[in-house]
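Comments concern the structure below.
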Amino acid sequence: MPHVVTQSCCGDASCVYACPVNCIHPTPDEPDFATSEMLYIDPTTCVDCGACVSACPVGAIVPSHRIPLGQERFADINALAYAAEGQLGLTDARFPVDPVQRLPLAPIEHPRALDFDEPVSVGIVGSGPSAMYAADDLLRHRSVSVTIYERLRRPFGLARYGVAPDHTRTRKVIDLFDDIARNPRVEILLDTEVGRDITLDDLRARHHAVIWAGGAPTDRRLEIENIDAPGVGSATSFVGWYNGHPDFASLDPDLSHRSAVVVGNGNVALDVARILVGGAQRLAKTSIAPRALAALESSSIEQVTVLGRRGPEHAAFTLPELVGLADNGVRVVTDPADFTDVPFDDLDAVARAKLELLAELATDEPVSGRHIRLAFHHTPQAVSVDGFGAADGLVVTNTGGTHTTTLPAGLILTSVGYRGRPVPGLPFDAARGVIPHDQGRVVDEGRRVPGMYVTGWIKRGPSGFIGTNKTDSGETVASLLADLEAGLLPRPSHQQTRGSRATLVRAGR
Ligand SMILES: Cc1cc2nc3c(=O)[nH]c(=O)nc-3n(C[C@H](O)[C@H](O)[C@H](O)COP(=O)(O)OP(=O)(O)OC[C@H]3O[C@@H](n4cnc5c(N)ncnc54)[C@H](O)[C@@H]3O)c2cc1C
Ligand SMILES: NC(=O)c1ccc[n+]([C@@H]2O[C@H](COP(=O)([O-])OP(=O)(O)OC[C@H]3O[C@@H](n4cnc5c(N)ncnc54)[C@H](OP(=O)(O)O)[C@@H]3O)[C@@H](O)[C@H]2O)c1
Ligand code: SF4
Ligand code: SF4
């Protein structure tokens, strides 16, 4: 009975290095790693030793005889990734079985512990996943200490304020970050915004190097008519509201209508739709903000349309999240017409499994009760408004623009991606919303900015899972340490006196 990777996999690859028989793929050095939706265990090679289970920070790996209810499909999904031609009805696979390749990996290569002549101090701006993975990497070196500056009163960024409250396994990653933060060589200064409470120049004077890990906190704006009408909002603020983010505590979305539309069909759109109609009762024992729970308990919303502008084969949500939605008590439907012209055969096994599940959900019947409709091939054109100027629908055209229709909706949430903000004093690529860099070293018009580094969403743009930030931060920290060894980092002119970790404890993590 092999082990199986399930929905909450966040792609940090910790299991890969724990496995004695190298049966978890893609590994970080394989080309598919950067784009893979999760990692998969090869059922024919797994020897069931369980080593990966303890390595996984989010409890995503289970023995196949103990797969939780609603996650059963993951046994097939893991196998699909390795299925050879002819097996499981497939013609291709991502990782065709090749026993010669299945030799144990070389033991994980820990970076050589560097011991510098004098203590080295690194400042990190932000305490989200990218910051915490960077801190963890740096702390492998005895003479390095880290100060983390976080603008909010509670740390860990989107791991706390983004991940949905009902993703309880994924939220366990907070425990891992908590362990990292408890290292005596880490100090976290909460409620300390760089640029408001302390300047970037202050940081550069205090530390040998500064890593900017501030994330991509704003949402991309949908430029259509009446987008600012009452009743229209962004997924960014709605997510912040249900997760208790202090910036969105007073949002008070209007849930008195029957229908809502979410524009965009990434994983954030699925989170938002599920929270809206997944039933307040199952959220009661989660970390959801009490105010949001109360509002959802009296919500009238029955139908949420999740709107994709392209076809189902281009849906931005991932298969694990679709399975998590469709197999866990939420009614999800699609339109059969969206599957007539889909090129099933051109897709790899996992992409095809996603499409097949979407086609399984198709129905022509009218649907009543709480449900989510995954709609495709429709582009938003304008928000339609009632006599008081409030949103009452979304005007959409089909692909090709031959047909316009209005989807009735009293609540419209745009979920079209996040965006980084410029940081005063640092270069900014306005087109991509990122800080330009070379392997994590901040560069300004091709020239390196001494002592400045970048990691996470503000480095590579707003995509990827929590674990994706681990490899990303690894690259940045490797550059920083190489510069330190090469004597390229300026000595801090104003070495700080280390404060007390009480700041962190007081803030009630
Ligand atoms: C709604 C949502 C749900 C998600 N759910 C999942 C999931 O279920 N599973 C998964 O694997 N991935 C999920 N992700 C993706 C994951 O959250 C991101 O990959 C990850 O959080 C990015 O990390 P980061 O450190 O770059 O940014 P962030 O997590 O945004 O952290 C940035 C931190 O910097 C702080 N900061 C910003 N500016 C300053 C400043 N000037 N001074 C001090 N502090 C500052 C912010 O307050 C924040 O704490 C989700 C993302 C979103 C948006
Ligand atoms: N459980 C999880 O693992 C989890 C949960 C949440 C988020 N995340 C990750 O966090 C990252 C961000 O997620 P996200 O959902 O914000 O972003 P995303 O995956 O990039 O999805 C953005 C969506 O917006 C659409 N869009 C963009 N511009 C549009 C426009 N002008 N009109 C209509 N639609 C438009 C895109 O359509 P096109 O594809 O056509 O451009 C896409 O469907 C992703 O990598 C995601 O996987 C993971
Ligand atoms: S149970 Fe053992 S052999 Fe199987 S994937 Fe996990 S670590 Fe590898
Ligand atoms: S979260 Fe990390 S350790 Fe767990 S299954 Fe996914 S890649 Fe492996």
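The values are calculated or read from the model by the stated rules, or taken from the named source; none is laboratory data. In this text, all values refer to a predicted model and were calculated from it rather than measured experimentally. Heads up, the Cβs are rebuilt from the backbone with ideal geometry, glycines too, and the neighbour counts pull from every protein chain shown.
Quick check: is even one residue across segment 372-383 farther than 26 Å from residue 82 by Cβ and exposed (fewer than 15 other Cβ atoms within 10 Å of the Cβ)?
no
Taking residue 82 and the conditions (1) within 16 Å of ligand 4 (Cβ to nearest atom); (2) surrounded by 14 or more Cβ atoms within 10 Å (Cβ to Cβ); (3) at pLDDT 95 or above, which numbered condition does it fall short on, given that it satisfies the others?
(3)
Restricting the search to segment 38-53, which residues are surrounded by 16 or more Cβ atoms within 10 Å (Cβ to Cβ), more than 16 Å from ligand 2 (Cβ to nearest atom) and among the hydroxyl-bearing types (Ser, Thr, Tyr)?
45
Considering every residue within segment 215-226, establish whether at least one is part of a loop (DSSP other than H, G, I, E, B), acidic (Asp, Glu), out of contact with any strand residue (DSSP E or B) (no Cβ under 7 Å at 6 or more places or on another chain) and more than 10 Å from ligand 1 (Cβ to nearest atom).
yes
Residue 186 is checked against (1) farther than 23 Å from residue 453 by Cα; (2) more than 23 Å from the chain's Cα centre (by Cα) and fails just one. What number does that condition carry?
Exception for residue 186: condition (1).
Results for (1) free of Cβ contacts under 8 Å to residues at least 24 places away in the same chain; (2) within 23 Å of residue 11 (Cβ to Cβ); (3) out of contact with any helix residue (DSSP H, G or I) (no Cβ under 6 Å at 6 or more places or on another chain), shown as yes or no for each residue.
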{"residue": "254", "(1), (2), (3)": "no, no, yes"}
{"residue": "303", "(1), (2), (3)": "no, no, yes"}
{"residue": "317", "(1), (2), (3)": "no, yes, no"}
{"residue": "321", "(1), (2), (3)": "no, yes, no"}
{"residue": "324", "(1), (2), (3)": "no, yes, yes"}
{"residue": "334", "(1), (2), (3)": "no, no, no"}
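Consider residue 4 against the criteria (1) away from ligand 2 (no atom under 16 Å from the Cβ); (2) modelled with pLDDT under 95; (3) among the aliphatic types (A, V, I, L, M): it satisfies all of them except one. Which criterion is unmet?
(2)
From the set of residues in segment 422-469 that are within 16 Å of ligand 2 (Cβ to nearest atom) and among the charged types (D, E, K, R), which is nearest to residue 221 (Cα to Cα)?
Out of the qualifying residues, it is 432.
Only one residue in 361, 347, 407 is at pLDDT 95 or above, crowded, with 16+ Cβ neighbours inside 10 Å and over 27 Å from residue 222 (Cα atoms), so which one is that?
361
Residue-wise test of (1) farther than 19 Å from residue 131 by Cβ; (2) buried (at least 18 other Cβ atoms within 10 Å of the Cβ).
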position	(1), (2)
414	yes, yes
418	no, yes
431	yes, no
447	yes, no
452	no, yes
455	no, yes
490	yes, no
493	yes, no
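One line per residue, one yes/no per condition, for (1) in a helix (DSSP H, G or I); (2) under 25 Å from residue 380 (Cα atoms); (3) away from ligand 2 (no atom under 16 Å from the Cβ):
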{"site": "322", "(1), (2), (3)": "yes, yes, no"}
{"site": "329", "(1), (2), (3)": "no, no, yes"}
{"site": "337", "(1), (2), (3)": "yes, yes, yes"}
{"site": "341", "(1), (2), (3)": "no, yes, yes"}
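Of everything in segment 23-47 that's aliphatic (A, V, I, L, M) and not in a loop (DSSP other than H, G, I, E, B), which residue is nearest to ligand 1 (Cβ to nearest atom)?
Among those that are aliphatic (A, V, I, L, M) and not in a loop (DSSP other than H, G, I, E, B), it is 34.
Just name the residue that is nearest to ligand 4 (Cβ to nearest atom) out of those in segment 236-270 that are assigned to a strand (DSSP E or B) and aliphatic (A, V, I, L, M).
That would be 262.
Report, by residue number, each residue of segment 467-489 that is free of Cβ contacts under 8 Å to residues at least 40 places away in the same chain and outside any helix (DSSP H, G or I).
Those that are free of Cβ contacts under 8 Å to residues at least 40 places away in the same chain and outside any helix (DSSP H, G or I): 486, 487, 488.
Residue check: is residue 35 at negative phi, away from ligand 4 (no atom under 11 Å from the Cβ) and surrounded by fewer than 18 Cβ atoms within 10 Å (Cβ to Cβ)?
yes
Any residue in segment 198-209 that is closer than 21 Å to residue 418 by Cβ, outside any loop (DSSP other than H, G, I, E, B) and more than 9 Å from ligand 1 (Cβ to nearest atom)?
There is no residue in segment 198-209 that is closer than 21 Å to residue 418 by Cβ, outside any loop (DSSP other than H, G, I, E, B) and more than 9 Å from ligand 1 (Cβ to nearest atom).
How many residues, within segment 1-22, are within 14 Å of ligand 3 (Cβ to nearest atom), out of contact with any Phe, Trp or Tyr (no Cβ under 9 Å at 6 or more places or on another chain) and either outside any helix (DSSP H, G or I) or of a type in the set (Gly, Ala, Ser) (or both)?
9
Here are 229, 260, 249, 235: which of them is within 16 Å of ligand 1 (Cβ to nearest atom), crowded, with 16+ Cβ neighbours inside 10 Å and outside the structural domain of residue 166 (by the TED database)?
235
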